[in-house]
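All remarks here apply to the structure that follows.
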Amino acid sequence: MQASRLDPPSLPLGLRRLAGSFESGLLRALSRWSNVLIVIAAMVAVSMAFGLHGLLTPLRTDYVAMLTGAQVLGHGGCLYCVGAQARAQAVLLGVAPATHPALDPFLETPIVALAYRPLLGLAPSAGFAVFLALSAVCVVAAAVLVWRRLGLAAQGPAGAALLALTLISLPAAWNYQLGQVDGLLVLALVGGAVLLTAPRRVAAGLVLSALLLKPQTVWLVPLALLLIGEWRVVAGMAIGGVCLAGASVWLVGTAGIGQWLTLLAGRGPALSTSDGIPGAIASLGGNGAGFVAAAVLGVVACGWLWWRRRSFTSRPLDVLALGVACSLLFAPHVYGYDLIMVTVPLAVLARRALPAALAAALLLNATYLVDTYFIWEGPHLEALALCVIVALLAVHLTDRSPAERSPGAGRAQTAAASSTTTGA
């Protein structure tokens, strides 16, 4: 009896049989376009509902913080001074500064404030509609690239289901309610991944450098790529990073960068509310323990990759997938809307173990629901889902099987699942 590809073969036989049955049933259910179209329609409807909620109340979301930064920057004020932000936000809300409610501070990089400036000339709802339209364009473009260039088209209906469960997942829908930019940046991640397969290493690095606007999503990626000798990709990221840093200093000056870090420390969200292992640890041992955990776990992840570096030589796409997944899991500041970035790691995983990728995507959506509606202390079940994703990548990307399935393998695997009842 063949062991399930969902879990390592060292698991007890009973668990292996259970995993095999679940794997077979999941793949069989998602091998039919009728079922998959229902999944896609449901995920799109949820994303539209989140977006509509934000559109109806744009100044009660993070969008007001983005406009606040744009307003302060446009008037030449102190971008990361609490007083300047409070006055600008009071104007946006149409209230007197003395009666201004709790400040929703702008904590993003100066480049983000600059990007939102054109929206200041529009009514809040109109500006938010433009933001939603841009997000939709970027997500659709990313979906097309993942489908055509990262191999999901070869997986048939199950590949389309995986795309829906990651790129328009329940956590990702949070972007469209809050006005967050991850829906825009995911296109850069997908574009960089596609360029790595070209291969166009420097160009891939330049495109991936856009994610430094959300450094928590890729903070381990440059180190991981250096460990396998992909210095051209890292050079491209460094060039792009220097350009972003230079533009930020030009916009706010060196003093402004210091004020930004101070504002992050004083007004940033509590570490204990973050997804990932550091957030879970901080909820038990405080912020200090959370930051120490992030540093230690990042070192451990890089150490493991250095130990297995020969397995990953000339496989930058696999390392990018692992680097992004580990960055999200071990970051001290990551939230549900950032988890749209698991699209690339799970697409890469699907090239070797489609059922495992589907199960991980389902788990991510399920843990988001539980964290959102049943657990109030912190989104720590989503950390469990990220742990599973990292573990599956580590297991399936380091075995001795070919790095990619043949174009027809996904359909053959789906057909096999359709003709079996146990999967084990």
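Rule-based calculations on the coordinates, nothing more; no lab input. Predicted model, so just to flag it, every value in this text is computed and none were measured. Every residue, glycine as well, gets a Cβ built from its backbone with ideal geometry; the counts of neighbours run over all protein chains shown.
Quick notes
- The residues neighbouring residue 53, those whose beta-carbon lies less than 14 Å from its own, together hold a net charge of 0 under the Lys/Arg +1, Asp/Glu -1 convention.
- Of 209, 272, 311, the one that fluctuates the most in a GNM where the chain has Cα springs shorter than 10 Å: 311
- Per-peptide packing, taken as the mean over residues of other Cβ atoms within 10 Å, places 194-205, 284-295, 320-331 in the sequence 320-331, 194-205, 284-295 from highest down.
- The chain - mean residue ellipticity at 222 nm from DSSP helices (-39,500 (n - 2.57) per run, n ≥ 4, rounded to 500): -22000 deg cm²/dmol
- Between the stretch 100-163 and the stretch 72-93, the C-alpha centres lie 25 angstrom from each other.
- Per residue convex hull volume, Cα atoms of the stretch 31-399, in Å³: 129 Å³
- Choice from 76, 336, 54 with maximal GNM fluctuation in the chain (Cα, 10 Å cutoff): 76
- Span-like helix ranges in the chain, DSSP H, alpha carbon extent 27 angstrom or more, Kyte mean at least 0.5: 33-56, 124-149, 231-267, 287-307, 354-373
- Gaussian network model of the chain, Cα within-10 Å springs - most flexible of 146, 44, 207: 44
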